[in-house]
Amino acid sequence: MIVDKIIKNGQIVTSQNIFEAGIAIQGKKIAMVAKEAILPEAKEIIDAQGNYILPGCIECHSHLGLFNPWEKELESETRSAAIGGITTVMSTLLEKDPLPDRFPYYQDLVKKYAYTDIVFYGMVMTEKHLEELEESVKLGITSFKFLMAYKGEEGRALGVEGSDLGFLYRGLEKLKKLKGLPMVHAENIDIIYALNSRYKQRNDLALWSDTRPHLCEEIDIYTACRMAEEISSPLYIVHTSVGRAIDIVAEFRNRGNKVYLETCPHYLILDYTGERLKEPLMAKVNPPLRTKKDQDLLWQGIQRDLVNCVGTDHCSPSYEAKRVDGNIWNMLPGFPGMATMLPLMLSEGVNKNRITLEKVAELCSYNTARIHGLYPRKGAIIPGADADLVIVDLDKKMTVTPEILQSGANFSLYDGWELKGWPVLTMVRGNVVMKEGKIVSDSPQGCHIPTRRV
């Protein structure tokens with residue numbers, strides 16, 4: 001037998017261990033993982049040059065099309081994702097029209113523009129969305145996001161609608177029957193509104209944390225967990241920023257509840273002072289950046305297996321659209337992060353001895369695939385899985401610039417940072433998309449991947 005490709009001279013990283021072996025690829029799938037001496041012949045040999053081979057990263061939290069047309073962001077942001085070693089992007093569908101009617105439109109866009117594979121998760125904001133849940137699950141969408149924040153004026157500014165507790169309760173009930181996964185943005189908007197007027201005269205990054213204090217997130221995390229416990233529903237908390245979330249989730253898990261916790265590199269690395277940033281105000285995000293103590297607690301949560309996934313909450317406004325007039329109250333929340341997710345976890349995590357490479361594979365691929373219904377097609381280097389792979393050079397140093405990241409957002413919070421540890425090759429279903437920081441795929445070859453939770 002002659003296979004299409006073999007990757008040799010590498011060290012394979014799984015969520016459990018690291019071992020020397022080669023990978024045979026036939027078509028879009030992994031055909032064999034074995035000692036190189038017993039691998040079949042191949043049409044093409046890829047030399048990993050002694051570097052590490054990880055399962056392709058899965059971006060578990062992004063917002064494509066939030067600030068620009070979908071087709072534009074599908075192309076630019078999936079290219080940027082591939083630069084950073086991401087092979088599958090999970091993105092919200094922010095759709096007010098009936099989703100089943102619009103779904104073929106999104107699938108068609110993916111085929112035309114995406115350089116990575118795409119997984120959709122739904123945004124549940126209206127009664128119509130609740131009614132459509134069953135049909136959405138049939139379409140291969142099984143994760144659904146509820147916004148406990150963004151009610152009222154704040155939601156209207158972004159074109160979204162938050163959930164009251166009764167709406168969330170009914171959503172949890174329905175998704176339990178459908179074997180879906182409710183995802184919750186936990187921030188108590190009532191407290192936020194009560195505090196806003198106290199800080200209107202300030203224009204600094206720290207005020208954003210003052211107006212959205214730890215308490216807002218902690219209250220709604222606990223409330224959502226308690227509600228899910230009552231219904232016997234699983235629960236996924238997105239973009240956790242507060243360290244105390246670790247103890248809250250541990251409490252509910254110890255009682256047998258399935259609660260999953262996601263965080264982002266910016267909550268692990270940056271704090272509310274913005275002291276490491278060229279332009280601190282550009283780090284405005286919801287939830288806001290917290291303290292160094294919160295960072296330490298989140299890293300400990302990762303080490304204790306209480307944080308399950310790392311995503312970025314990626315969105316891609318231009319520098320000009322984000323900054324507006326330089327007043328933080330008028331600036332858009334959010335920033336790009338996909339291309340730097342893996343380099344930051346390697347540089348700030350592995351190379352600073354906070355976590356292992358196996359933990360990176362677990363947080364950025366394996367757990368996401370299992371929790372969101374993609375495993376074993378994604379998240380693993382095993383025969384039969386999609387040949388989604390990233391080769392990483394742990395010693396490679398590069399300085400971050402917007403130009404090398406290739407996002408449609410023409411800025412990065414980490415502009416000027418030297419990071420140690422970068423992907424040098426990204427493969428999506430057997431197709432080499434990125435090599436040595438350059439997109440080498442002739443055309444988009446991504447597809448929509450349906451999910452199925454068991």
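The values are calculated or read from the model by the stated rules, or taken from the named source; none is laboratory data. As the structure is a prediction and not an experimental result, all values here were calculated from the model. Cβ placement follows ideal geometry from the backbone for every residue including glycine, while neighbour counts extend to all protein chains displayed.
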*Quick one: in the range 253-266, which of the residues that are buried (at least 17 other Cβ atoms within 10 Å of the Cβ) and under 21 Å from TYR366 (Cβ atoms) is farthest from the chain's Cα centre (by Cα)?*
VAL259
*Is it true that SER318 is of a type in the set (Gly, Ala, Ser) and farther than 25 Å from ARG370 by Cα?*
yes
*Kindly check whether there is at least one residue in the range 203-224 that is closer than 30 Å to ALA250 by Cβ, modelled with pLDDT under 95 and not small (Gly, Ala, Ser).*
no
_I'm checking my understanding of the structure. Among residues of the range 9-40 that are in contact with a helix residue (DSSP H, G or I) (Cβ under 9 Å, 6 or more places away or on another chain), of a type in the set (A, V, I, L, M) and not in a loop (DSSP other than H, G, I, E, B), which one is nearest to LEU425 (Cα to Cα)?_
VAL13
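Per-residue answers, yes or no, for (1) among the acidic types (Asp, Glu); (2) surrounded by 22 or more Cβ atoms within 10 Å (Cβ to Cβ); (3) touching a residue at least 60 places away in the same chain (Cβ under 8 Å); (4) touching a Lys or Arg at 6+ places or on another chain (Cβ under 6 Å):
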| site | (1), (2), (3), (4) |
| --- | --- |
| ILE23 | no, yes, yes, no |
| LYS28 | no, no, yes, yes |
| ALA37 | no, no, no, no |
| GLY56 | no, yes, yes, no |
| SER62 | no, yes, yes, no |
| ASN68 | no, no, yes, no |
_Looking at MET90, MET123, can you tell me which residue is without any contact (Cβ under 8 Å) to a residue 40 or more places away in the chain and not hydroxyl-bearing (Ser, Thr, Tyr)?_
MET123
_Subset of the range 420-440 (residues that are farther than 23 Å from GLY384 by Cα and crowded, with 19+ Cβ neighbours inside 10 Å)_ = GLY421, TRP422, PRO423
_Tally up the residues in the range 217-275 that are touching a helix residue (DSSP H, G or I) at 6+ places or on another chain (Cβ under 8 Å), within 26 Å of PRO336 (Cα to Cα) and among the acidic types (Asp, Glu), please._
3
*For residues that are under 16 Å from ALA82 (Cβ atoms) and charged (D, E, K, R), tally how many sit in the range 99-127.*
1
*For LYS28, state whether it is basic (Lys, Arg) and under 24 Å from the mean Cα position of the chain (by Cα).*
yes
